[in-house]
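Beneath this line is the structure, given in structure tokens, with notes to follow.
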Amino acid sequence: MFTTRNMALAALMAAMIAALAQVAIPLPFTPVAITGQIFGVFLAGAVLGANLGTMSILVYVLLGAIGLPVFAKGGAGLGVLLGPSGGYIWGFILGTYVLGKIVEAGVTEVSYLRLATGMLVCLLIVYTLGTLQLAFLLRLTFLKALLLGVIPYIPLDMAKLLVASGLSLAVRRSLAGAGLLPGSRRF
């Protein structure tokens, strides 16, 4: 698993998520910004699978934890991870792993539907952990935290999910054709 190729793929995915995190639109009524991070998280789990995808997320989180400005709007440090939006970042780790496991459970072929289903489960995990931390830190009811940290994001996140499903299917096919997909299967 820890081949140079796999490590390079994980590092590239972590870098892509860091770049997508900089696409951030703050909303005036919540501490949670609209970002591109979840799009990268979807691609990590769908393209790299459970273990390598999760490794890429861990690299991303560790880079931010040690102070590199890889989180939304150039944020960094443990304060972000322990702050109101940190639960979503923690959710990226578990969500990516579960997404990867769902993708890897495909018998012989990974379909758009399997990818979209895995991404939906991933998103639900991210939303749940994010909402719990948001509610705890801001002393909100779970419903109020959902209204601030989930409901406004659903339409755009669903659009990201649909696009990421199609893109990851194409990327998986290309990587598999080039012999670069970890644990390649017939697509």
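Over the chain, DSSP H runs of length four or greater, each weighted -39,500 (n - 2.57), average out per residue to a 222 nm ellipticity of -23500 deg cm²/dmol.
Relative protection proxy for 54-62, 24-32, 148-156, from highest mean packing down: 54-62, 148-156, 24-32 (other beta-carbon atoms within 10 angstrom).
Net charge dipole, the chain: roughly 160 debye, given to the nearest 20, about the Cα centre with Cβ charges of +1 for Lys and Arg and -1 for Asp and Glu. The alpha-carbon positions of segment 112-161 define a convex hull whose volume is 59 Å³ per residue. Put in order of Cβ neighbour count within 10 Å, fewest first, the listed residues I102, I89 become I102, I89.
With R₀ fixed at 22 Å, the C-beta to C-beta distance from I25 to F136 puts the FRET efficiency at about 0.35. Placing unit charges on each Cβ (+1 for Lys and Arg, -1 for Asp and Glu) gives the chain a dipole about its Cα centre, and among V59, L132, V110 the Cα reaching farthest toward its positive end belongs to V110. Evaluating kT/(6 pi eta Rh) at 20 °C and 1.002 mPa s, with the Kirkwood radius of segment 1-72 over Cα pairs in the Stokes-Einstein relation, gives 172 µm² s⁻¹. As a rough guide to protection, the peptides 160-166, 121-127 ranked by mean Cβ packing within 10 Å, highest first, stand as 121-127, 160-166.
Can you sort F71, F2, F136 so the residue with the fewest Cβ neighbours within 10 Å comes first?
Fewest-to-most ranking of F71, F2, F136: F2, F136, F71.
Amide H contacts of I34 (H built 1.01 Å from N, in plane; Pro and chain starts excluded): I25, L27 sit under 5 Å, all sequence-distant by 5 or more or on other chains.
Bear in mind these aren't lab numbers, they're just calculated from the coordinates by the rules spelled out. A quick note: this is a predicted structure, and the numbers were derived from the prediction, not measured. A quick note on method: Cβ atoms are made from the backbone with ideal geometry, for glycine too, and the neighbour counts reach across all protein chains shown.
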